[in-house]
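The values are calculated or read from the model by the stated rules, or taken from the named source; none is laboratory data. Keep in mind that this is a model prediction, so the values were computed, not measured. Cβ: placed from backbone, ideal geometry, glycine included. Neighbour counts: every protein chain shown. SASA here: full protein model, heavy atoms, side chains in, ligands and nucleic acids out. Shrake-Rupley method; radii C 1.70, N 1.55, O 1.52, S 1.80 Å.
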Amino acid sequence: MDSQSSSFLQERKLHRLRCSVKSYDWGRRGNNSGVARLFALNSGSVIQPDEPYAEFWMGTHESGPSFVVPTAGETGLPGVSLKSWISDNRDVLGDKVLDEWGSDLPFLFKVLSVAKALSIQAHPHKELARALHKARPDMYKDDNHKPEMALAVTEFEALCGFISLEELKGVLLHVPEIVELVSSADVNQILHLNEQDGEEKVKSVLRSTFTQLMLASKEMITEVISKIKSRLHKESQVRQLTDKELLVLQLEKQYPADVGVISAFFFNHVKLNPGEALYLGANEPHAYLSGECVECMATSDNVVRAGLTPKYRDVETLCSMLTYKQGMPEILKGVPLNSYVMRYLPPFDEFEVDRCILPIGASTVFPAVPGPSIFMVMVGEGMMHARSSKGDVITEGDVLFAPANTQISITTSASELQLYRAGVNSKFFQTS
């Protein structure tokens, strides 16, 4: 066999990855965290019972890199990052991915374990990301956009996008304290708007009202939250509080005197069942609230925050960048590829996610695709075969990189297997 053929076979085999964890304060702690369990099994580390385990990162981003695990007979790999290894083995990405994104993975794959609300945030589009990175590289670590998708593993809750015009009118009528923070002219304008006034006019008034709220003084915010809290506690004695009111009280316990508590009234409260997904484009406000999910995004860590956080807040940037679209976001249920695999296709080129639940004694095939994939085993064990290699036993916590044009076969024997695959959006290859 010549060296070129040997190199080709080398590239087409599976490569195990050792991945990174993030201990943000909002993460579930110790053994209550799915992220903790995955990280401990992936890295061989011991779970610290009082430590928050928030995010498990799989990919090439420098803020949480993955590393290639050597197999028998390989030398020089310990400590080699996946990013460096891909740079030295560019063919593993496939020609179309190389042409579009260069010698790096275009997607970042994560698992999140959420105990309390993440910040109210949005991710910039590419042009704004470049400007923010240039102006504040200490805060905005890269110049890429960050569209993302969250696929619920457990019941999962989030705030996402602005409520409809009619719902907003209801908030201004039934949450009188908010009127203390915004101009009466804007309030009156919203109350008299209708759909015939046109989308841009509605957006303009919503932008003005929301910006006034987010820029209100700390003293005013503290006073208004205290009034809302007092009123809701009194009203709970005589009526059932709404889900949104209960959420606001919960957020106030997590982040006392934070403007994000009030702003929650402006956002859709989304509840996902396991197997449902939510995708978020650039400049869309959101905050994950609770539960566990698999998340995939373009390779970026750019976040503009404005509430429910002790971290740096860039309120003026956030308020100016938002789209101010109204209405509930689209919920993806997944498209079945076969009896065991569902595919989630967001409207972004960089990524898609497959969810595979394989019962005992079953098998399935992931056909070869023109781009790279990362597989992550969430539950159970089985056997994974690349076309040119003998099988790998895979168990919970295993993460494997599959080069472009590699067919993957998976079988189970003693237990059900639940795994997830991230890859480049298949629609990108159909149109490029």
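Only DSSP H runs of four or more residues enter the estimate; each adds -39500 (n - 2.57), and after division by the residues of the chain the mean residue ellipticity at 222 nm equals -8500 deg cm²/dmol. For the stretch 191-248 and the stretch 319-395, compute the distance between their C-alpha centroids and round to whole Å. One Cα centre to the other: 38 Å.
Remark on I163: its backbone amide H falls under 5 Å from those of F267, N268, G327, a criterion applied only to residues 5 or more positions apart or on other chains, H modelled at 1.01 Å from N.
When only Cα pairs under 8 Å and 6 or more residues apart are kept, what is the percent relative contact order across the stretch 255-346? It comes to 36 percent, rounded to a whole number.
So, for the chain, what is the accessible surface per residue at a probe of 1.4 Å, expressed in square angstrom?
On a per-residue basis, 42 Å².
Can you classify the stretch 45-153 as rounded, prolate or oblate using the Cα gyration tensor, where a ≥ b ≥ c are the square roots of its eigenvalues, rounded means a/c under 1.5, and otherwise it's prolate if a/b beats b/c and oblate if not? Judged from the Cα gyration tensor, the stretch 45-153 comes out oblate (a/c at least 1.5, b/c at or above a/b). Charged neighbours of L215, selected by a Cβ distance under 15 Å, balance to -2 (K, R count +1; D, E count -1). Give me the net charge of L98's neighbourhood, meaning all other residues with Cβ under 11 Å from the Cβ of L98; Lys, Arg count +1, Asp, Glu -1. Summing Lys/Arg as +1 and Asp/Glu as -1 gives -3.
Entry note, the chain: relative contact order of 22 percent, from Cα contacts under 8 Å with a spacing of 6+ residues.
Taken one residue at a time, the phi angles of the stretch 160-168 give Karplus couplings (6.51, -1.76, 1.60, θ = phi - 60°) of 7, x, 7, 5, 5, 4, 5, 5, 5 Hz. Gly and Pro are set to x.
Under 5 Å between amide hydrogens, built in the peptide plane, is the criterion, and for L14 it picks out A386 among residues at least 5 positions away or on other chains.
Listed highest first by mean packing, meaning other Cβ atoms within 10 Å per residue, what order do 253-262, 370-379, 326-335 come in?
Output ranking for 253-262, 370-379, 326-335: 370-379, 253-262, 326-335.
Mind ranking 49-55, 418-424 by how tightly packed they are, going by the mean number of other C-beta atoms within 10 angstrom, highest first?
Ranking the peptides 49-55, 418-424 by packing returns 418-424, 49-55.
Summing charges over all other residues whose Cβ lies under 11 Å from the Cβ of K203, with Lys and Arg as +1 and Asp and Glu as -1, gives 0. In sequence order, the stretch 244-249 has phi-based couplings of 5, 5, 4, 4, 4, 5 Hz under the Karplus curve 6.51 cos²θ - 1.76 cosθ + 1.60, θ = phi - 60°, and Gly or Pro positions carry x. Per-residue 3J(HN,Hα) values for the stretch 306-321, derived from phi via the Karplus relation 6.51 cos²θ - 1.76 cosθ + 1.60 with θ = phi - 60°, read 8, x, 6, 7, x, 7, 4, 10, 10, 5, 5, 4, 4, 5, 7, 8 Hz in sequence order (x marks Gly and Pro). Share of carbon and sulfur in the accessible area of the chain stands at 50%, probe radius 1.4 Å. Taking square-rooted eigenvalues a ≥ b ≥ c of the alpha carbon gyration tensor, is the chain rounded, prolate or oblate, where a/c under 1.5 means rounded and, failing that, a/b exceeding b/c means prolate? Here the chain falls in the prolate category.
Residues considered: F210, F265, F107. Largest GNM mean-square fluctuation over the chain, using C-alpha springs under 10 Å, is found at F210.
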